[in-house]
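Please read the structure below before turning to the comments.
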């Protein structure tokens, strides 16, 4: 086992190969999921004026009663200034007129004609959102390397930015390999299985905003594989599934050589996923994943997604982990680090079902991976264990 790379070593080597993408300006509303390439500073102050936080009455100086002199509503502010003993009807989000000291809730107000009295006195500033309480012009709101989320998009727009600088979309080609793969899942002979790995990997990449091209399924024939690889000429990253082990019909390595790619490293000390392969072809990066669906999923989670995030400029591309508690006894681990499909329940996790690398039902149920170090001793129920949430992918 000495020739096998450890997980962190292999990840570091792979991330060092991440393609460098050019920067582009895109509409903020089209940037969801993209990595921001420059710090975003506020181009305006939010709110730009004191605003009412509630529906009611903006009160001028004094202890009441107050004389109603107008109205301030969102989008149509009161034009004057409140003097002593004056007030205006005000709605949530409307500008508090100059001279306004607080907002009296409508349910705490008693109106008699144009006279307003309060059932209780309020301290100055009550129910007023002060100018700039959210952010001020020039404030640094988002740092370079932040991924655009719905909330960050709203913040960016509110800060006055209709466009943002991001990396151009990453072009990823995903290729299924194997004689046993059937293109149509509804038309599958007994010696075949429906091709699902490429669809699964493409779905894992979808939240990251990649431009994904599907290739295959491709039969286990060197010429066919070489011809299929030519369809990935324009890809920044090529992800293959199947054909990377040591069997007689595992032909990805020679096909990559025919295509002009150079093997960077092969075989990782993890289970599932040992036969992972990494190659380069100029600036292109090739990630060869195992064909068993669970192995393909786990290695895509641990390697493909971090590679994509690194290429997009994410400063922390690897998935995060938490420490939880084993919901059941777990056996000792062999010479390879193991990633077990599991289900979280509060602060405990239990195995999702069969840990066979072809068991899709357990994979479908799993929402996390238990990380068991190589040669780790057995653990009993309740023991602390390290867990990767699959939502981190």
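For region 146-220, give me every one of the strands (runs of 3 or more DSSP E) that falls completely inside it and has 2 or more residues that are surrounded by 16 or more Cβ atoms within 10 Å (Cβ to Cβ) and within 20 Å of the chain's Cα centre (by Cα).
Values: elements: 163-167, 171-177, 211-218.
Passing ranges, in order: 163-167, 171-177.
One line per residue, one yes/no per condition, for (1) crowded, with 21+ Cβ neighbours inside 10 Å; (2) modelled with pLDDT under 95; (3) touching a strand residue (DSSP E or B) at 6+ places or on another chain (Cβ under 9 Å):
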| residue | (1), (2), (3) |
| --- | --- |
| 303 | yes, no, yes |
| 323 | no, no, yes |
| 342 | yes, no, yes |
| 349 | yes, no, yes |
| 359 | no, yes, yes |
| 364 | no, yes, no |
| 368 | yes, no, yes |
Matching residues, region 94-145, being in a loop (DSSP other than H, G, I, E, B) and under 32 Å from the mean Cα position of the chain (by Cα): 132, 133, 134, 136, 137, 138, 139, 143, 144, 145
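Here are some residues: 245, 295. Which one is outside any loop (DSSP other than H, G, I, E, B), touching a residue at least 12 places away in the same chain (Cβ under 8 Å) and closer than 23 Å to residue 219 by Cα? Even if it seems obvious, please write down each step before you answer.
On the way: 245 fails: outside any loop (DSSP other than H, G, I, E, B).
The unique qualifying residue is 295.
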Failed item in (1) in contact (Cβ under 8 Å) with a residue 40 or more places away in the chain; (2) under 20 Å from the mean Cα position of the chain (by Cα); (3) surrounded by fewer than 19 Cβ atoms within 10 Å (Cβ to Cβ), with residue 41 passing the rest: (2)
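Does at least one position in region 43-64 carry a residue that is under 29 Å from residue 283 (Cβ atoms), outside any helix (DSSP H, G or I) and modelled with pLDDT of 95 or more?
Among the residues of region 43-64, not one is under 29 Å from residue 283 (Cβ atoms), outside any helix (DSSP H, G or I) and modelled with pLDDT of 95 or more, which makes the answer no.
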Tally, over region 11-38, of residues that are assigned by TED's automatic domain parsing to the domain that holds residue 245 and either at positive phi or more than 22 Å from the chain's Cα centre (by Cα) (or both): 1
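The values are calculated or read from the model by the stated rules, or taken from the named source; none is laboratory data. Here the structure is a predicted model, which is why all the values come from computation and not from measurement. A quick note on method: Cβ atoms are made from the backbone with ideal geometry, for glycine too, and the neighbour counts reach across all protein chains shown.
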